[in-house]
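Here the structure comes first, spelled out in structure tokens, and everything after it is commentary.
The values are calculated or read from the model by the stated rules, or taken from the named source; none is laboratory data. Owing to the predicted nature of the structure, the values given are computational and were not obtained by experimental measurement. In this analysis, Cβ positions are derived from the backbone assuming ideal geometry, glycine residues included, and neighbour counts consider all displayed protein chains. Areas reflect the complete protein model, heavy atoms only, side chains present, ligands, DNA and RNA absent. Shrake-Rupley method; radii C 1.70, N 1.55, O 1.52, S 1.80 Å.
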Amino acid sequence: MDDTPTDSDAGMDADGKTDTGTDPDPDEFTAENADADDAAPARVDPADAFAALGNSIRVDILRAFLEHQQAAATPVVQFSTLRRAVGLRDSGQFRYHLEQLRGAFVEKCDGGYRLTYAGSAVLTAIVAGTYTDTDALGPTPVDSACTFCGAAVSATYRDGILTVSCENEHPLFVWALPPNAAAGASIEDLIELATTLAFQSYELVVNGTCSECYSSISPEFESADDSSGDDTAGQSVRFTAACDACGAAWSVPVGFALLTHPEIERLYHRQDRPLRTQYWWELDPVTSAVELEFESSGTDPNRVRLSVDIGDTTVRATLDETGSVAELEFTTD
Ligand SMILES: [Zn+2]
Ligand SMILES: [Zn+2]
């Protein structure tokens, strides 16, 4: 522990509240002696919630929940167990810090305390290193050629973001990964992991769900404005979505939808080139001169028909307005 709590540190909370020191009972505070009407607030301002974490004792308390969950079969932890795990002798001080976590991250329940959903999520992020670590990898050459300009490709991992791009800075694949994923991993490992996550994410997004925070979102097709002459599916029409709640954003070539479809996965498998062993940004549905037909006029089509050759098979697909594959037809020469 790098800071010792004193009465004065309480005044530094961003919410401006100070510890009045009027706890009726500075001794152990458990569900048994808790006031029945001492309910947690229903809604917590996110800034106040994160301010509550600006203290190493409170982060230690969250970690104590994790240690307990690993050792015991129940998520409920007693006050005394938590205090011992954190190693703070003064139970009044310990109670003060625990109370700062209540509402947003910790809730009182029968038999003690448990993490809320937000508490579990923030603990997972702390364990994954999201808020602290700064591992970096690359730039590392990747055995691929830019699908826009043909230049050499490299990948870097910095500040939690994996970026695959060419010498001319065309972005081919950008994905956020927590630092834990990078511990002991190679760039190739990270590309593989990010690809798996991107496929999973797409499946949620086409169903109208943000894969990061599970809010409802409305994906759509967008025609690219820049007419660079590369009239391929990947570069002229993209599938995009943005989450108002958490700020996550997606933008993929429209042909990406095909890569997530099990029939297409089987087709690649039959052709002895399993999808997951290849760089998705190089694959036919996102690179080749896909024929596109829009079912509605204008620049933002709400249904897209595309046709693409995958090996010796011509695939015709219709995507509905959510980006889901509505119809799929194979023709083999
Ligand atoms: Zn390029
Ligand atoms: Zn979201």
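When Tyr202 is tested against (1) under 22 Å from Ala242 (Cβ atoms); (2) open to solvent by 60 Å² or more (accessible area, probe 1.4 Å); (3) of a type outside the set (A, V, I, L, M, F, W, C); (4) in a helix (DSSP H, G or I), exactly one condition is not met: (2).
Filtering Ser186, Ser201, Ser144 for residues that are small (Gly, Ala, Ser), away from ligand 1 (no atom under 16 Å from the Cβ) and under 22 Å from Glu265 (Cβ atoms) leaves a single hit, Ser201. When Val174 is tested against (1) open to solvent by less than 30 Å² (accessible area, probe 1.4 Å); (2) of a type in the set (A, V, I, L, M); (3) farther than 14 Å from Glu282 by Cβ; (4) within 16 Å of ligand 1 (Cβ to nearest atom), only condition (1) is not met. Quick check: is even one residue across the range 138-160 closer than 30 Å to Glu282 by Cβ, in contact with a His (Cβ under 9 Å, 6 or more places away or on another chain) and surrounded by fewer than 16 Cβ atoms within 10 Å (Cβ to Cβ)? Scanning the range 138-160 turns up at least one residue that is closer than 30 Å to Glu282 by Cβ, in contact with a His (Cβ under 9 Å, 6 or more places away or on another chain) and surrounded by fewer than 16 Cβ atoms within 10 Å (Cβ to Cβ).
With respect to being surrounded by 15 or more Cβ atoms within 10 Å (Cβ to Cβ) and free of Cβ contacts under 8 Å to residues at least 24 places away in the same chain, Ala71 falls outside the description.
Could you please let me know if Thr196 is in contact (Cβ under 8 Å) with a residue 60 or more places away in the chain and away from ligand 2 (no atom under 16 Å from the Cβ)? Criteria met by Thr196. The requirement of being touching a helix residue (DSSP H, G or I) at 6+ places or on another chain (Cβ under 6 Å), over 19 Å from Ser144 (Cα atoms), at pLDDT 90 or above and open to solvent by less than 30 Å² (accessible area, probe 1.4 Å) is not satisfied by Ile310.
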